Each structure stands twice: as structure tokens, then as C-alpha cells.
Amino acid sequence: MSQFNDLFAAIAAGDDAQLSSLLAQQPELVNTRSQAGVSPVLWAYYTGKTDLLPTLFTANPLLDIYDAAALGDQSRLLYLLNDAPALAHSYSQDGFTALHLVAFFSNNTAAASTLLDAGAQVDAIARNSQQVTPLHSAIAGGHFAIARVLVERGANVNARQERGFTPLMEAARNGDAPLVDYLLQHGADPTLAKDDGHTAADCAREAGHAEVTSKL
């Protein structure tokens, strides 16, 4: 258990030397899971330490559907979905679908389309406190291309996540003018307010995005 904990700690700390040492001693650690069901590969994404992925891959991790999604690995997704189609709409232990992870981490439109073609639910709601849809995830990740694919596949542009946030509010807060324009053109409602009463315009204004505020 100690080396298991050390592995996840080394990733979170960005300690490549420690990670390399642990994997050299026990390469099978690369296929362990945290108590939340998160793999070392996905943990590198969650902690913003993707520069450690090459070190993790020296131990030849067996990528599951969620790892493959975060990586945007279309070939691995196709392989896994061919063997188990239900994975397209399955949820990870921490509450996300593969489509959420593609949308937030990879910006690979082909990978997103592969999941959607296999039956992934375009408006799947995360089964955790965030309650995001894949469109929320794409916008939070700054991935316009994925957002466009999701909207074209029928994503609800006015879906609400925790605290009532809509995709438009997230784009406005990020100051993403092209994405704000796109969402407005595709039915996003700028008059909607989140739980605290603030609208998308308020989100943009509070974040100092004057250009976006003027659009709303």
C-alpha cells in the first residue's frame, strides 16, 4: 500500500525521478486504481502533470475507456468499444463518462465522434457534485472544436450544472468571445441566471471581459 500511495503522491508532486524509481521496482503499479477508481494515467491529467505521461508509459499501462478518452486515443477507444459497446455510456467511479473526459482533456473531435457514434449520451450529467454535461466540460477546457461537435449532435446549450451554471456562463467567464458568439447563435439564453442571480453578462463583467460583456 505504501508504494501505491507513493505513486499517486509522486504524480501529484510532479516528481519524475520518484515515479521512475517506483515503476522500475514495481511496473504493475501503473495499472492500480485509487480509492476513487482513478488510474495513474488519469491522475496525471487530474493533477495537471501530463508531462509525466511518458514515464508512465514506460510501464505499458493497460488503458481503460476513461484513460483512452482523456488521451483522445481514438484507436484504443474503437478497440474497447468493439469489445464492450456499453462502455460508450458507462460512468467512471468518480462520476464521469468517457465523453466528459474527451471534452475536457483531449479536444480530439474524432474521439468524441467515435463515442457519440457508439451511443454516448451527448447530455450525460456527471454523477458527482459538479453535475456537468460534456458541453460544460468542453467549454471549461477551452475546447471550441469539441463544443461545436456536441452542439451539432444536439447538446442542450442551456443545460445547468452545479450552482446553475450554463455553458454560456462558463464561456463568458473565460472571456471566450468566439465561443460566446457560437452559443448565442445556437440558442443559448443570455437571460438565464445561476443560483446567485448572476447572468452570463455578470460572469463576463466580474472576470473583466468587457468585449464579451458587450455581447450579452
Unique match (being buried (at least 19 other Cβ atoms within 10 Å of the Cβ) and on the phi < 0 side of the Ramachandran plot) among Leu78, Leu29, Leu62, Leu53: Leu29
Complete set of residues in region 158-181 that are crowded, with 21+ Cβ neighbours inside 10 Å and in a loop (DSSP other than H, G, I, E, B): Gln161, Phe165, Thr166
Count - residues of region 105-138 that are in a helix (DSSP H, G or I), within 11 Å of the chain's Cα centre (by Cα), surrounded by fewer than 24 Cβ atoms within 10 Å (Cβ to Cβ) and not polar (S, T, N, Q): 1
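A short reminder: the numbers here are calculations on the coordinates, not readings from a lab. Only a predicted model underlies this, so the values are computations on that prediction, with no experimental measurement involved. Positions of Cβ are generated from backbone atoms using ideal geometry, with glycine treated the same way; all protein chains shown enter the neighbour counts.
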